[in-house]
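I have placed the structure first, in the form of structure tokens, so that the comments after it can refer back to it.
The values are calculated or read from the model by the stated rules, or taken from the named source; none is laboratory data. Note that the structure is predicted; figures quoted are calculated from it, not measured. Virtual Cβ from ideal backbone geometry, glycine too; neighbours counted across all protein chains shown.
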Amino acid sequence: MVGKYNIHNEVQFAKIAQDILEMANQLIGNYSYFISYMDKCDFRVLKVLTNGEILLKEGLILPIEESYCHYIYEEKKPLVLSDSMKNDRTKYLKITTDANIGSYAGVPIILKNGTIFGSLCTLDAHPITHNTNTVEILERLASFLSYAIELELSTMKDPMTGIYNRLFWKRLLLQLKNEEGIHTFMLLDVDSFKVINDTLGHEKGDEVIVKIGNLLQNSIPENAFAFRFGGDEFGVLFPDLSLEQARPYAIDIKNKGEQIQISEKEISFSIGIVDTSCIGLEDIMNQADKLLYQSKKNGKNCISQIS
């Protein structure tokens with residue numbers, strides 16, 4: 001998962017994840033292993049290799065505080081438990097008895113920007129004292145998995161800004177159309193961007209594009225997605241937020257855009273915003289584009305929505 005996007009559905013990721021678990025089994029021993037995704041709310045099991053004694057299934061979702069890996073996420077370091085059923089941190093957790101966990105060792109999967117993607121862990125039904133070699137092997141395999149995740153994501157990101165591209169947009173829509181909930185989409189572009197390029201040069205234009213990418217990444221919720229569709233056209237998808245809930249973010253982004261200055265020239269955005277309560281997800285881009293055009297007609301530097 002990356003936000004609501006299931007990266008583990010990607011064929012290449014699924015194969016690498018399986019290979020990682022099999023390598024761990026060969027190097028550490030015949031225990032059970034899993035790869036998880038975590039955010040501040042949820043823990044999700046993505047891939048499992050079991051020796052038959054651990055009752056953990058792929059697709060399991062728990063509140064993060066009910067998982068062992070919660071401590072890895074909070075402390076950003078490995079966790080080793082030789083006897084899970086006696087350890088004060090885990091003996092009262094429901095997953096301990098439900099999955100028959102007697103011992104545990106896990107390490108974080110850390111992406112290059114410092115965020116924790118998830119964890120790589122080994123489990124057994126019996127108490128086991130893991131040595132430092134176990135943790136070192138898991139850390140090396142987690143590092144390789146992190147690289148594979150970054151490589152997978154790089155094909156779906158805009159190289160100039162680091163935010164998502166049109167390919168990722170298409171894949172995300174395919175996934176979300178099968179899920180319930182109201183989603184909001186905001187489309188924006190830079191007012192008079194051609195004038196910036198023509199008068200200040202394309203280097204300064206590129207500088208504007210990079211600053212907008214940074215602005216969006218730093219101004220949206222953790223589960224939202226920022227996009228650059230090309231040129232000076234950007235978007236943000238807010239999963240599980242209505243227009244009313246997402247509009248404050250749009251206002252904040254518009255206001256922050258006004259603070260961007262390039263060679264003393266001020267920047268402004270025209271924005272169209274719409275949610276799926278009034279239009280299908282497949283048409284949300286076209287409707288947001290019409291609303292953006294309405295903002296242009298209304299004098300630019302404003303937000304338009306369906307009234």
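Just a few scattered comments:
- Qualifying residue in segment 62-84 (condition: in contact with a helix residue (DSSP H, G or I) (Cβ under 8 Å, 6 or more places away or on another chain), farther than 15 Å from S32 by Cα, in contact (Cβ under 8 Å) with a residue 60 or more places away in the chain and assigned to a loop (DSSP other than H, G, I, E, B)): yes
- Flag if F269 is more than 30 Å from I116 (Cα to Cα), of a type in the set (F, W, Y) and in contact (Cβ under 8 Å) with a residue 60 or more places away in the chain: yes
Quick grid of which residues meet (1) assigned to a loop (DSSP other than H, G, I, E, B); (2) within 22 Å of L62 (Cβ to Cβ); (3) in contact (Cβ under 8 Å) with a residue 40 or more places away in the chain:
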| residue | (1), (2), (3) |
| --- | --- |
| T90 | yes, yes, no |
| Y104 | no, yes, no |
| N113 | yes, no, no |
| F117 | no, yes, yes |
| L120 | no, yes, yes |
| R140 | no, no, no |
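- Sole residue being assigned by TED's automatic domain parsing to the domain that holds I64, surrounded by 16 or more Cβ atoms within 10 Å (Cβ to Cβ), under 24 Å from G52 (Cβ atoms) and free of Cβ contacts under 8 Å to residues at least 40 places away in the same chain, chosen from T96, T134: T96
- Flag if E136 is within 18 Å of L81 (Cβ to Cβ) and of a type outside the set (S, T, N, Q): yes
- Restricting Y92, Y71, Y104 to residues that are under 20 Å from Y31 (Cα atoms) and among the aromatic types (F, W, Y) narrows the list to Y104.
- Of the listed requirements (1) at pLDDT 95 or above; (2) buried (at least 21 other Cβ atoms within 10 Å of the Cβ); (3) under 22 Å from I182 (Cβ atoms), S270 misses just one: (3).
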